[in-house]
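So that we are looking at the same thing, I have put the structure below in structure tokens.
The values are calculated or read from the model by the stated rules, or taken from the named source; none is laboratory data. In this text, all values refer to a predicted model and were calculated from it rather than measured experimentally. Reconstructed Cβ throughout: ideal geometry from the backbone, glycine too, with neighbour counts over all protein chains shown.
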Amino acid sequence: MELHVVIKGRKDLAGQLYNQLRSAIESGRLAAGTQLPPTRLLAEQLGISRKTISDIYTQLTYENFLIGRVGKGTFVNARPVAHPRHASAMGLACEAQINRWRNLPAPIPTPTLEGTLRYEFIGGATSKGQFPQDEWRRCVQHGLRQMQRSPGFYSHAEGLPALRSAIAQHISFSRGVICQDHDVVVCNGTQQALDLISRVVLEPGSIVAVEDPGYPPARQLFSSLGATVVGVPVDHQGICVDLIPDNTRLIYVTPAHQYPLGMPMTTARRQALLRRAKALGAVIIEDDYDSEFRFEGRPTDCLQSMDQDGLVAFVGTFSKTTFPEMRLGYAVLPGSLIDAVIRAKQVTDWHTSSLTQWALAKFIADGELHKHIRRCHAIYAGRRTRLLNRLNGDLAAWLEPIANTAGFHIGALFKVPVDTRLLTELARKVEVGVYPIDAFYYQAPIRSGLLLGFGGIDTLDIDPALDRLLGILQQIA
């Protein structure tokens with residue numbers, strides 16, 4: 001790879017090269033530790049004598065911009081960047097829009113590659129140690145072979161046929177979704193599915209009804225597209241349908257496992273929601289993010305399978321059944337939306353990584369995903385039982401768990417006033433990560449509580465972590 005240096009004319013060649021190298025180092029474009037080309041190679045590239053380049057390297061080394069390492073070459077020396085890039089939007093015509101994005105509230109806490117505390121009750125985390133890495137590696141190798149046979153062009157915007165077929169069969173079997181391969185669009189996680197549907201359905205000023213409390217990144221996404229987002233309260237049956245505003249164009253719900261409280265939407269409430277959406281001509285997004293892990297009661301029909309009018313877009317993710325870095329999700333769309341969403345996908349993203357798609361299609365088709373879910377189900381069930389035993393035992397004076405049947409987090413409301421900010425800070429000092437549900441509320445009055453995820457904490461760690469939490473509650477409550 002050639003070093004980017006521009007030499008103009010044949011005058012003052014040494015000065016031009018010296019000034020460009022020094023400027024590149026001072027601005028940070030040539031970072032500390034970057035190896036410069038050997039003098040012979042750079043001389044051939046620029047058409048300058050090797051001695052001239054050697055003299056410039058020597059001068060920059062003397063001035064501490066470069067450092068020579070015997071037997072290795074010439075490298076950029078560590079120096080502070082003297083001229084940071086201009087970061088202000090002042091004077092730009094789009095200043096207000098830039099500031100609106102810059103000032104968006106921070107999203108909810110999410111698991112990171114670096115990890116956080118010893119005991120983590122964060123929502124959305126999974127037991128990656130349980131994931132069958134050897135089987136997945138075999139599927140990735142299959143994906144590489146498939147890509148090697150391809151002609152090297154861009155792939156299908158809607159997703160590889162093999163993966164669309166695997167997804168359709170998987171969710172028809174596990175969630176009762178009524179769909180065929182051609183109804184499925186492969187996305188980079190649920191968030192992209194929400195974005196694509198919103199781009200097709202909404203325009204600035206459109207009203208979007210969301211559960212309150214609900215999923216903050218969805219609210220932020222709808223707002224970023226210029227929509228008017230209205231929080232609709234939830235009760236023990238789910239979203240309060242009669243409070244959905246007139247003229248609503250899009251309704252976002254999590255009926256299988258309400259996020260963050262956890263209760264399922266009742267059948268009667270689902271039927272009422274479908275009637276209300278039909279009367280409004282509104283599209284419903286059914287976010288089915290983790291209901292493949294069911295622990296109690298009989299399975300209930302998904303909203304999509306009850307829809308007789310083509311109103312429901314069913315979205316799901318593999319981040320909860322595999323691991324978050326997978327970044328693969330899907331949308332099952334009614335016929336009125338499918339072509340437009342595929343076009344939006346092509347325009348904004350073209351298509352999702354073919355390698356990951358081939359690997360996941362193989363992983364599902366070989367039954368590995370089903371086996372992995374079954375293994376994790378047993379593990380999560382034990383953690384859930386352990387957590388509920390404590391919430392209904394020595395923690396019952398402070399917290400009341402909300403009844404739920406699926407997923408791998410439990411919502412628990414405080415029975416007594418608790419300073420959740422202080423609780424969170426003190427818990428972190430003893431290596432326990434707990435997360436209040438306060439941030440999930442939008443316009444509805446806040447009911448203080450905790451979201452307790454048990455996907456990323458080992459079963460044997462639950463009791464020691466809750467012992468520490470109990471100690472803090474006894475001090476401050």
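Out of the residues in segment 396-424 that are in a strand (DSSP E or B) and more than 25 Å from the chain's Cα centre (by Cα), which is nearest to Thr300 (Cα to Cα)? Please lay out each step first, then the result.
Let us first name the residues in segment 396-424 that are in a strand (DSSP E or B), namely 399-401, 406, 409-414.
So of that shortlist, the ones also more than 25 Å from the chain's Cα centre (by Cα) come out as 399-401, 413-414.
Working: Leu399: 28, Glu400: 25, Pro401: 21, Leu413: 25, Phe414: 29 Å.
Top of the filtered list is Pro401.
Can you tell me which residue within segment 278-304, out of those that are within 28 Å of the chain's Cα centre (by Cα) and at pLDDT 95 or above, is surrounded by the fewest Cβ atoms within 10 Å (Cβ to Cβ)?
Ala282
Failed condition for Pro245, given (1) buried (at least 22 other Cβ atoms within 10 Å of the Cβ); (2) part of a loop (DSSP other than H, G, I, E, B), with all others met?
It fails just one condition, (1).
With (1) assigned to a loop (DSSP other than H, G, I, E, B); (2) of a type outside the set (Val, Ile, Thr); (3) within 25 Å of Val253 (Cβ to Cβ) as the list, and Gln192 as the residue in question, which single condition is left unmet?
With (1) assigned to a loop (DSSP other than H, G, I, E, B); (2) of a type outside the set (Val, Ile, Thr); (3) within 25 Å of Val253 (Cβ to Cβ) applied to Gln192, the lone miss is (1).
Please verify whether segment 444-456 includes one or more residues that are part of a helix (DSSP H, G or I), touching a helix residue (DSSP H, G or I) at 6+ places or on another chain (Cβ under 8 Å) and either more than 30 Å from Val232 (Cα to Cα) or of a type in the set (Val, Ile, Thr) (or both). Don't jump to the end; show me each part of the working.
The first filter runs over segment 444-456 and keeps only residues part of a helix (DSSP H, G or I), leaving none.
Checking segment 444-456: not a single residue is part of a helix (DSSP H, G or I), touching a helix residue (DSSP H, G or I) at 6+ places or on another chain (Cβ under 8 Å) and either more than 30 Å from Val232 (Cα to Cα) or of a type in the set (Val, Ile, Thr) (or both).
Say we look at segment 117-153 and pick out the residues that are of a type in the set (D, E, K, R) and more than 16 Å from Phe318 (Cβ to Cβ); which of these is surrounded by the most Cβ atoms within 10 Å (Cβ to Cβ)? Show your work before the answer.
To start, the set of residues in segment 117-153 that are of a type in the set (D, E, K, R) comprises 118, 120, 128, 134-135, 137-138, 145, 149.
Keeping just the survivors that are more than 16 Å from Phe318 (Cβ to Cβ) gives 118, 120, 134, 137-138, 145, 149.
Values: Arg118: 14, Glu120: 24, Asp134: 7, Arg137: 11, Arg138: 16, Arg145: 10, Arg149: 6.
Looking at residues that are of a type in the set (D, E, K, R) and more than 16 Å from Phe318 (Cβ to Cβ), I get Glu120.
Restricting segment 148-189 to residues that are of a type in the set (Ser, Thr, Tyr) and in a helix (DSSP H, G or I), which is nearest to Ala256 (Cα to Cα)? Don't jump to the end; show me each part of the working.
The first filter runs over segment 148-189 and keeps only residues of a type in the set (Ser, Thr, Tyr), leaving 150, 154-155, 165, 172, 174.
After this cut, where a residue has to be in a helix (DSSP H, G or I) as well, the list is 165, 172, 174.
Details: Ser165: 23, Ser172: 15, Ser174: 13 Å.
Per the criteria, the residue is Ser174.
Exactly one of these conditions fails for Ile338: (1) in contact with a Gly (Cβ under 9 Å, 6 or more places away or on another chain); (2) more than 25 Å from Leu388 (Cβ to Cβ). Give me its number.
Ile338 satisfies every listed condition except (1).
Which condition number in (1) without any contact (Cβ under 8 Å) to a residue 40 or more places away in the chain; (2) over 19 Å from Ser291 (Cβ atoms); (3) surrounded by fewer than 16 Cβ atoms within 10 Å (Cβ to Cβ) is the one that Asp366 fails?
Going through the list (1) without any contact (Cβ under 8 Å) to a residue 40 or more places away in the chain; (2) over 19 Å from Ser291 (Cβ atoms); (3) surrounded by fewer than 16 Cβ atoms within 10 Å (Cβ to Cβ), Asp366 breaks only (1).
Between a residue in segment 180-204 that is within 13 Å of Leu333 (Cα to Cα) and any residue that is of a type in the set (D, E, K, R) and in a loop (DSSP other than H, G, I, E, B), which pairs come within a Cβ distance under 7 Å, given they are 6 or more apart or on different chains?
Qualifying pairs under 7 Å: Val185/Glu158; Val186/Glu158.
Another one. For segment 304-342, give me the residue count where each residue is without any contact (Cβ under 8 Å) to a residue 60 or more places away in the chain and within 14 Å of Gly159 (Cα to Cα).
1
Do the conditions hold for Arg384, that is, is it surrounded by fewer than 18 Cβ atoms within 10 Å (Cβ to Cβ) and either part of a helix (DSSP H, G or I) or touching a His at 6+ places or on another chain (Cβ under 6 Å) (or both)?
Numbers: surrounded by fewer than 18 Cβ atoms within 10 Å (Cβ to Cβ): no; either part of a helix (DSSP H, G or I) or touching a His at 6+ places or on another chain (Cβ under 6 Å) (or both): yes.
So Arg384 does not fit the description; no.
Now a separate question. Restricting to segment 256-305, what's the tally of residues that are in contact with a strand residue (DSSP E or B) (Cβ under 8 Å, 6 or more places away or on another chain), within 27 Å of Ile373 (Cα to Cα) and not in a loop (DSSP other than H, G, I, E, B)?
7
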